[in-house]
Amino acid sequence: MQDLVLFVLLGLGAGSVIAGIALAVVITYRGSGIINLAIGAISMVAAYAFWALRSDFFGITLATVPAIVVVMLSSILVGVVSELLVFRPLRTSSPLAKLVASLGILLTLQATMLLWFGSASKQIPNVFPDDILQIFDTSIPANRFWMAAVVVVISLAVGAVYRWTRFGLATRAASENEVFAMLAGLSPNQLSMVNTLLASALAGAMGIIAAPLAQADSTTLVLFIVPALAAALFAGFTSLPIAVIAGFGIGIGQSLMFYASTLSWFPTEQGGNPLPGTQALLTFVLLVVALSLRGASLPTRGELVEKRLPEAPRPKHLARSAAVFGAIGVVLLVVLPFGYRQALMLSLIGMVLCLSLVVITGFVGQVSLAQVALAGVAGFVVSHMIVDAGIGFPWGPIAGSIAGVVVGLIVGASALRVRGVSLAVVTLAGVVAIEQFGFASKRWGAGSAGSPVEQPSLLGFDLGTTASYRGLDGKLPSPVLGFVFLACVIALCLLVAQIRRSVLGQQMLAVRANERAAAAAGINVARVKITAYAISSFIAGTAGWMYAYNFGSVSAARFGFLIALAFVAFAYIGGITMVSGAVIGGLVATEGLVPHFFQELLGISGNWTLLVGGLILIVTVIQNPEGVAGTTYRKRQASKRAKAAADVATETMARAGES
Amino acid sequence: MTTVLSARGVSVSFGGVHAVVDVDLDVEPGQLVGLIGPNGAGKTTFVDAISGFVPHRGTVTLDGVDITGSSPHSRARRGLSRTWQAIELFDDLTVRENLTVAAQHPSTLATLKELFARPIPLSQGIDEALEAFALEELADATPTELTQGQRKLVGVARALAARPKCLCLDEPAAGLDAHESVAFGRHLREIVDRGTPTLLIDHDMGLVLGISDHVVVLEFGQVIADGTPGEVRSDPSVVAAYLGSAADELTAAD
Ligand SMILES: Nc1ncnc2c1ncn2[C@@H]1O[C@H](COP(=O)(O)OP(=O)(O)O)[C@@H](O)[C@H]1O
Ligand SMILES: [Mg+2]
């Protein structure tokens, strides 16, 4: 009993930070319809800044209060800059474009902090008294109560602002209808700006009060966005009180789960340690249950319909494109020096991951962030098959892809009643659960290390990276594995193109456009979605075992949640509704051909790559809200139409001349 | 012959609002049945109920088969096609593809065959429906390139392409000009006479009373009159309820 109380009270600490960030998420969403993934990153910036100002980093040391003021101002500055430079130009774009842009901001902030302050983590200065309280005969640091008190007071203040000021009324009206807000005399831009100010100040405050729990480093606070998004989702991205309560609930729940893991009945893995990741699993399950109870299998009349994704034109000339692509691929694999060859192989894998997103997100409109995790499932299955059972190519990959499909179907089935950005958040919780419960587990995954994968061979032919044929430069990796990859990519591209041309693909696009009308046309919406999840998971699984063979091992780090987000970004930038978009997405993916080229050309590396990557991501989304392939397609259509019009004009003139 | 569509005691309430109360309605083979009533009378909600989009009490049978508990898509596949008051076309598909997804529901095996071998032959219903509304020229356009009136027609053609046992049209002529509306009425009558019984909801009294075989009038979710166009036109409660509010609307529009 004592212990229970102790862990509930300890959980107040994480609960406060989650609640505060959740509040900022909801405020931002209500103000501008953006799910801002970078809010945790603003807390991170604040934490670094607070440390720097209190420890003579800039050559001066401020007292606590002035330091807090400067930190809050800098957080607000970060918020305002991202509002003006990124979100405002994207105001009328799809929610997915905004999500991708916010990921760009997150990466940019992370890289900036790492370049500025180095990779060693810093101690955030403590702002609360160090007292220890005695409650029920246990000792609890007073700072937990201070943290909770600060968040509760801020929440009440924010609540009061929304309830009683003209700005608050306008925001509440605007989240229903922008016209109402204009009637109240505030433009959507102003509203969005004020909400951003509030949210970024709040995020900054969380970076300061998190001192007892977290250090200033490039991940801890950034990752608080995941439970905070879960809390915001419980609140339907609208209710401030529910977001705060859910935030505290998640923090306390996680603390209790930690307590449970110390008890004797708790399941353990090898070495007697408790199973990892049960907290993430619990959050995911709770989210799914809560949303399934609330959601309907079809949207109801008048339910908000989100902005459309880019159009998905019917692909033409499949055989010709496949032949050209294949020929270029073979030549490059043979000719390119080893560094570029490896980058090309990683690009091929990236293309496969992007293709899986084309099916589920591009065609069916389901923003699933789980695809990279499904690839991981397949990769680990391949590794465990060979290590535990001695089963290798091709049965391992087949089993891996099937395992990816099974897990994908579980995620998909649990998300049937969830749509739009909510779906993105649920699948994000799913990714974290799979990562922490599955990949990081010694039982199913690889713990914190890697799990080896033997190179593939078929009928005595070595198909692996060490095959005897070594291309023109004679170095590793062998192009042979690249040929295998290339064949897979071409086959999957053709499959996805065929899907778009088939009745099934048209059903997918019908579901994407309007689920109610699709059902009225006799389309079984749930079946179409499940089919799409199965196909897309199969494709993702293929990418998983390609990774496994490429690196000769699998590890949790390669399938983490930031990488999952990054791939959505690559796929979106390339063009998430088109096969050619997936090819572009793969070329620009991390460690792929294009980044490798820039690295070689400009000699940049490490965190600079991260920074440039983040900035390029932002610029590309703003320039091509429909993806590079989409923009190219539209330009070509426009010039075709112009040419047709010109032809008609010449013809008419010619005829006029004849008569 | 069995009644094509038969609704018995259909009621829908949203919280405390009784949007549809105990409505009985039959569509017989070869019939065009009109459903009219002032704004907010519950016409759309009635169609939502019989097509499975809102939970309801009462029973719905289609061609003698009870479809009360079925999901929207299975009601559609059994032959109850509907359109929407706000046109809900699939903007990402061409006109022909819009009709295709309504007309063709390949099995898993057929889908696999289509992906890996040969295309599925297009159902005749698609060409017939395009022809019925003279939309052949627009078959490869996307809905965003069409005029409002054309979009309305595509919506109806899509419902027709499935070769339904019964067609339910929710305000198909709203937004059409007088000329288009008359032409639409003529097309619709032809469709019914060629064998597709239809339930027509519309605001345009002239259109509905002019072409229907039978008319049902709703007010506050209840049936207040039910008979031939002639009977309904002279029914005092209809004149009071519907024509009265239509007159109000006219004055409001001034
Ligand atoms: N989803 C809903 N929730 C609550 N009330 C609704 C809903 N849909 C319709 N209504 C109400 O039901 C009544 C009937 O509406 P409707 O069927 O649209 O009428 P009509 O189509 O005849 O104009 C109206 O009072 C409307 O406000
Ligand atoms: Mg209506």
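The values are calculated or read from the model by the stated rules, or taken from the named source; none is laboratory data. Predicted model, so just to flag it, every value in this text is computed and none were measured. Cβ placement follows ideal geometry from the backbone for every residue including glycine, while neighbour counts extend to all protein chains displayed. SASA here: full protein model, heavy atoms, side chains in, ligands and nucleic acids out. Shrake-Rupley method; radii C 1.70, N 1.55, O 1.52, S 1.80 Å.
Computed values, structure above
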{"quantity": "Among residues of the stretch A:36-56, those that are open to solvent by 10 Å² or more (accessible area, probe 1.4 Å), outside any helix (DSSP H, G or I) and in contact with a helix residue (DSSP H, G or I) (Cβ under 7 Å, 6 or more places away or on another chain), counted", "calculated": "1"}
{"quantity": "Failed criterion for residue A:90 (all others in (1) surrounded by fewer than 24 Cβ atoms within 10 Å (Cβ to Cβ); (2) in contact (Cβ under 8 Å) with a residue 40 or more places away in the chain; (3) assigned to a helix (DSSP H, G or I) hold)", "calculated": "(3)"}
{"quantity": "Which listed residue, of B:23, B:17, is within 16 Å of ligand 2 (Cβ to nearest atom), of a type in the set (A, V, I, L, M), open to solvent by 40 Å² or more (accessible area, probe 1.4 Å) and outside the structural domain of residue B:101 (by TED's automatic domain parsing)", "calculated": "B:17"}
{"quantity": "Residue in the stretch B:28-35 that is buried (at least 23 other Cβ atoms within 10 Å of the Cβ), within 16 Å of ligand 2 (Cβ to nearest atom) and not aliphatic (A, V, I, L, M) present", "calculated": "yes"}
{"quantity": "Inter-residue pairs, beta-carbon under 7 Å, first within 12 Å of residue A:455 (Cα to Cα) and in the stretch A:381-392, second in a loop (DSSP other than H, G, I, E, B) and of a type outside the set (D, E, K, R), 6+ apart", "calculated": "A:382/A:453; A:383/A:453; A:386/A:392; A:386/A:453; A:392/A:456"}
{"quantity": "Inter-residue pairs, beta-carbon under 6 Å, first within 13 Å of chain A (Cβ to nearest Cβ) and more than 13 Å from ligand 2 (Cβ to nearest atom) and in the stretch B:41-59, second of a type in the set (Gly, Ala, Ser) and not in a loop (DSSP other than H, G, I, E, B), 6+ apart", "calculated": "B:50/B:7"}
{"quantity": "Complete set of residues in the stretch A:389-405 that are part of a helix (DSSP H, G or I) and either open to solvent by 10 Å² or more (accessible area, probe 1.4 Å) or of a type in the set (Val, Ile, Thr) (or both)", "calculated": "A:389, A:395, A:398, A:399, A:402, A:403, A:405"}
{"quantity": "Residue pairs meeting the criteria (Cβ under 6 Å; at least 6 apart or on separate chains; first in contact (Cβ under 8 Å) with a residue 60 or more places away in the chain, in the stretch A:285-296; second open to solvent by less than 80 Å² (accessible area, probe 1.4 Å))", "calculated": "A:287/A:230; A:287/A:426; A:287/A:429; A:288/A:414; A:291/A:418; A:295/A:418"}
{"quantity": "Exclusive hit being surrounded by fewer than 20 Cβ atoms within 10 Å (Cβ to Cβ) and within 16 Å of ligand 2 (Cβ to nearest atom), set B:175, B:221", "calculated": "B:175"}
{"quantity": "Test: residue in the stretch A:605-617 that is at pLDDT 85 or above, among the aliphatic types (A, V, I, L, M), surrounded by fewer than 24 Cβ atoms within 10 Å (Cβ to Cβ) and assigned by TED's automatic domain parsing to the domain that holds residue A:447", "calculated": "yes"}
{"quantity": "Whichever residue in the stretch A:214-231 is more than 13 Å from residue A:561 (Cβ to Cβ), in contact with a Ser or Thr (Cβ under 9 Å, 6 or more places away or on another chain) and part of a helix (DSSP H, G or I) and, among such residues, is most open to solvent (accessible area, probe 1.4 Å)", "calculated": "A:220"}
{"quantity": "Boolean, residue A:33 is under 34 Å from the mean Cα position of the chain (by Cα) and assigned by TED's automatic domain parsing to the domain that holds residue A:91", "calculated": "yes"}
{"quantity": "Single match in A:343, A:319 (criterion: among the small types (Gly, Ala, Ser), in contact with a His (Cβ under 9 Å, 6 or more places away or on another chain) and surrounded by fewer than 24 Cβ atoms within 10 Å (Cβ to Cβ))", "calculated": "A:343"}
{"quantity": "Selected residue (only one of A:600, A:626 is acidic (Asp, Glu) and in contact with a Pro (Cβ under 8 Å, 6 or more places away or on another chain))", "calculated": "A:626"}
{"quantity": "Unmet requirement for residue A:8, which otherwise passes all of (1) touching a Ser or Thr at 6+ places or on another chain (Cβ under 8 Å); (2) crowded, with 24+ Cβ neighbours inside 10 Å", "calculated": "(2)"}
{"quantity": "All positions within the stretch A:322-337 that are exposed (fewer than 14 other Cβ atoms within 10 Å of the Cβ), within 33 Å of the chain's Cα centre (by Cα) and assigned to a helix (DSSP H, G or I)", "calculated": "A:324, A:328"}
{"quantity": "Tally, over the stretch A:346-365, of residues that are open to solvent by less than 10 Å² (accessible area, probe 1.4 Å) and not in a helix (DSSP H, G or I)", "calculated": "1"}
{"quantity": "Members of the stretch B:58-86 that are open to solvent by 40 Å² or more (accessible area, probe 1.4 Å) and over 19 Å from residue A:524 (Cβ atoms)", "calculated": "B:59, B:63, B:64, B:66, B:85, B:86"}
{"quantity": "Filter result for the condition that a residue is under 20 Å from residue A:534 (Cβ atoms), in a helix (DSSP H, G or I) and open to solvent by 10 Å² or more (accessible area, probe 1.4 Å), over A:430, A:408, A:438, A:412", "calculated": "A:438"}
{"quantity": "All positions within the stretch A:527-559 that are of a type in the set (Gly, Ala, Ser), closer than 26 Å to residue B:118 by Cα and surrounded by fewer than 24 Cβ atoms within 10 Å (Cβ to Cβ)", "calculated": "A:534"}
{"quantity": "Unique residue being open to solvent by 30 Å² or more (accessible area, probe 1.4 Å), touching a Gly at 6+ places or on another chain (Cβ under 9 Å), at pLDDT below 75 and more than 30 Å from residue A:261 (Cβ to Cβ) when the list is A:306, A:311", "calculated": "A:306"}
{"quantity": "Helices (runs of 4 or more DSSP H) within the stretch A:499-562 that include 3 or more residues touching a Pro at 6+ places or on another chain (Cβ under 9 Å) and more than 9 Å from chain B (Cβ to nearest Cβ)", "calculated": "A:525-551"}
{"quantity": "Filtered residues of the stretch B:114-151 (kept if more than 13 Å from chain A (Cβ to nearest Cβ) and out of contact with any helix residue (DSSP H, G or I) (no Cβ under 7 Å at 6 or more places or on another chain))", "calculated": "B:124, B:127, B:128, B:131, B:134, B:137, B:147, B:148"}
{"quantity": "Residue, nearest to ligand 1 (Cβ to nearest atom), within the stretch B:196-213, restricted to residues that are within 15 Å of the chain's Cα centre (by Cα) and open to solvent by 50 Å² or more (accessible area, probe 1.4 Å)", "calculated": "B:203"}
{"quantity": "Residue within the stretch A:359-366 that is of a type outside the set (D, E, K, R), within 23 Å of residue A:574 (Cα to Cα), at pLDDT below 90 and out of contact with any Asp or Glu (no Cβ under 8 Å at 6 or more places or on another chain) present", "calculated": "yes"}
{"quantity": "The stretch B:93-113 - residue that is touching a residue at least 24 places away in the same chain (Cβ under 8 Å) and open to solvent by less than 20 Å² (accessible area, probe 1.4 Å) and, of those, nearest to the other protein chains (Cβ to nearest Cβ)", "calculated": "B:102"}
